[in-house]
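Presented below is the structure to which this report refers.
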Amino acid sequence: MISIVSDEEGTMANASAWLARLQRDDVSEADAIEFETWLAESSANVGAYRRALALWHEYEAAAEAVLVELAAANRPARAVARPGLSRRWLVGGGGFAVAAGLAIAVMPSLLAVPTIQSYATGKGQHQRITLADGSVVDLDAETKLSVSFSRSARRVTLADGEAIFDVAHDAGRPFTVAASNHVVRVVGTQFDVRNRHDGLSVTVARGKVDVRPAKAAASGRAFLLTAGQRLEIDRTGLERLSAVDPQETFSWRSGRLVYRAEPLANVVADLNRQFVEQIEVSDPELGRTPVTGVIVLDDQASVVARLSLMLPIRSIPSGEKLLLLRK
Amino acid sequence: MAPAGSTEQAGEHGPLLDALIEKRESLLLFLASRTRCMATAEDLIQDLYIKVAAVDAGADVRAPVAMLYRMAANLMVDHVRSTQRASRRNGQWRMDTHATVGGEDVAGEPAADEVLVAKERVHLLAEAVAALPPKMGQAFRLHKLEGQSQADTARAMGVSVKMVEKHIQAAIANLAQRLRT
C-alpha cells in the first residue's frame, strides 16, 4: 500500500483500523488471516499495533474512572438553558403548537454524585429527551428529573412530576427510576411514572416493571407490574392496584388528558401545569365534582369553554386568575 | 511451558503446533484485541496449545495456518460471549439481590483482574477523549468506555455499524497521537 503521510503516522492509522475492525461483533477467521498478513509485513506494524493495543487496554482498565472524570468536566458547560433543544409538540385536535419555543432549563446537579444530568420543565412545557442508551423520556409540565448512567447501571430520579419512559433493552445495565420512597426497576419496557403531591403512580404499557421501597427497612411491599396495570401509592402509603388502559395515561404526551370520575380539583391541578394562566376552584364541594371525558389541550379558553359544557360551571376572571363557579 | 525450546524434532510436533510456535506473537496480538489485558490473551494462547495438542498429530492438515486462525477466531468469539454472559449474569444478580439505598445500587466489587490506573493518568486519558470531535468521542465513549457492542453503539447514535467502526478507528489514531509519550 502506498502512503503519502509520514510512515509512522500511516502505520498507526493502519494499526487503528485493524484494532477497530477486530472489534466487529462477527469477527471471523478471514479477518484473523488478513490481520496476520498485515502484521507480518513489517516489524513497524507489530510495534504500532502493540502501542494501539496498550492504549486500548489502558482505557479498558480505567473506563469507569474516565467516565466519572468526563462527567465532572462536562458539568459547568451544561449549566446553561438551551432553547435550541426545546421541542414543539402539536396537540391532538386543533393542531395548535402549545409549547412552541420552550426552553428547558438544564440545571447543574446539586448532588456530588458522579455523572448527573438534570432536566426541568415549567408550566405548559413538554420535553422529549433521548438518553445515551437510546431510551426516550417524555417529560410532562412541571417535572424535575435527573439521569445518571454508568457502565453497570442506568439511574433516573424523578424528583417531581410525570414522565413516560420508553426504555431501550440492556439486560446488563438495569434501568431504575427512583421516585418518592420507591424504586421502579425495568429491563426494557414502556411505562409512566407520576410523582406529584398526591402520591406516586406507575402505569405500564409494555413489559414488566418492579416497584419496591427504596430502603429495605422502609414500609411498603414490592410489586411486579405487567402491561395494563397501574399501581398508586398515596402519601400515607396506601397502595391500590388497578387494571387500566395505558394509552389513557399516556395521552398527555399527545396533548390530551383522559379522566374517569376524577374530582374537578385534580383536573384543574393538571390544567394549571399545562397553562401559564391559573384556574381556581374556591368552592370545595365543586372541587369534588367528578369529571369524565377527554380534554384536548389546545388553549385555555377553549378548554374552559368545553369544561363548562360538561359540568354545571361558569368562569369569571379574577385578578390574574380564572375563577370557576357553580352555574 | 512453551514447547518452543523442546529438543524434539520439529517434524514430530505436527504442522499445527509448528504453525502455532511460528505465529505465536501475531496470534497473541489477535486475541488481545478482544481481551481486557495481555495476561488474559496469554491464557487464551495456553488454551490454544491444549486444543492443538488434542488434534491428532497424524491428521492431514493441509493449511495449518488457516486452521490455526480458525481455532483462534472461535476461541476469541467464545471468550467474548462468555464475558458478555458473565456481565449479564452479574446484572441479573444485581437485580435480584442488590439492596438499593436511596435509589442507588450498592456498587459492586471491582473485578479481580481490574488494573488500577493512576489518577493523573486517568485525567490525561479523559482529557484526550474530551478533545475528540463530538461524534468520534460519542462512539468511543459508548463502545469502549460503556462497553456496548458496535451494533448497539450504532443504534444509540443512529448511524451505520460501518460508521461506528470508522469513528473508533479515528479515535484510536487520534488518542494514540495525543497521548504519545
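Taking amide H positions as modeled 1.01 Å from N, with prolines and chain starts lacking one, the residues under 5 Å from A:ILE313 and 5 or more places away or on another chain are A:LYS327.
In this view, the solvent-accessible surface of A:ARG206, computed with a 1.4 Å probe and all protein chains in place, comes to about 110 Å². Heavy-atom accessible area for B:PHE30, with the other protein chains in place and a 1.4 Å probe, reaches approximately 0 Å². Given the convex hull of the Cα atoms of segment A:255-326, what is a quarter of its surface area in nm²? About 4.1 nm², averaged over all directions. Between the beta carbons of B:GLU25 and B:LYS162, assuming R0 = 25 Å, the FRET efficiency works out to 0.25 to the nearest 0.05. Here B:LYS162 is the anchor, and the aspartates and glutamates within straight C-alpha reach of less than 17 Å, apart from those fewer than 8 places off in the same chain, are A:ASP25, A:ASP26, A:ASP31, B:ASP152. Here segment A:7-75 is assigned +1 on the Cβ of each Lys and Arg and -1 on the Cβ of each Asp and Glu. Its dipole about the Cα centre then comes out at about 260 debye. The accessible area of A:LYS144, taken with all protein chains in place and a 1.4 Å probe, comes to roughly 110 Å². Chain B contacts chain A over a buried accessible area of about 5800 Å², both sides summed; the probe is 1.4 Å and only protein chains count. Taking the protein heavy atoms of segment A:118-253 in the context of the full set of protein chains, the accessible area attributed to carbon and sulfur is 49 percent at 1.4 Å. Computed from the C-beta positions of B:ARG121 and A:ALA265 and an R0 of 51 Å, the FRET efficiency is 0.30 to the nearest 0.05. Approximating the spin labels as points 7 Å out from Cα along Cα→Cβ, the A:ILE316-to-A:ARG221 distance works out to 5.0 nm. Summing charges over neighbours of A:VAL209, with a neighbour being any other residue whose Cβ is under 12 Å away from its Cβ, gives +3 when K and R count +1 and D and E count -1. Couplings 3J(HN,Hα) for segment A:46-61, derived from phi with the Karplus relation 6.51 cos²θ - 1.76 cosθ + 1.60 (θ = phi - 60°), are 4, x, 5, 5, 4, 5, 4, 5, 4, 5, 4, 5, 5, 5, 4, 5 Hz, where x marks Gly and Pro. Checked against a 22 Å cut-off, the cross-linked pairs B:LYS23/B:LYS166; A:LYS123/B:LYS135; B:LYS51/B:LYS144; B:LYS119/B:LYS166; B:LYS144/B:LYS166; A:LYS144/B:LYS119 give Cα-Cα distances beyond that limit for B:LYS23/B:LYS166; A:LYS123/B:LYS135; B:LYS51/B:LYS144; B:LYS119/B:LYS166; A:LYS144/B:LYS119. A Förster radius of 30 Å combined with the Cβ-Cβ distance from A:SER43 to B:ARG62 puts the calculated FRET efficiency at roughly 0.55.
With 0.36 nm allotted per residue and the present C-alpha distance subtracted, the B:GLU42-B:ALA130 stretch has 28.4 nm of extension available.
The values are calculated or read from the model by the stated rules, or taken from the named source; none is laboratory data. None of the values given here were measured: they were computed from a predicted structure. Cβ: placed from backbone, ideal geometry, glycine included. Neighbour counts: every protein chain shown. To get the accessible areas, we keep the full protein, side chains included, count just its heavy atoms, and leave off ligands, DNA and RNA. Shrake-Rupley method; radii C 1.70, N 1.55, O 1.52, S 1.80 Å.
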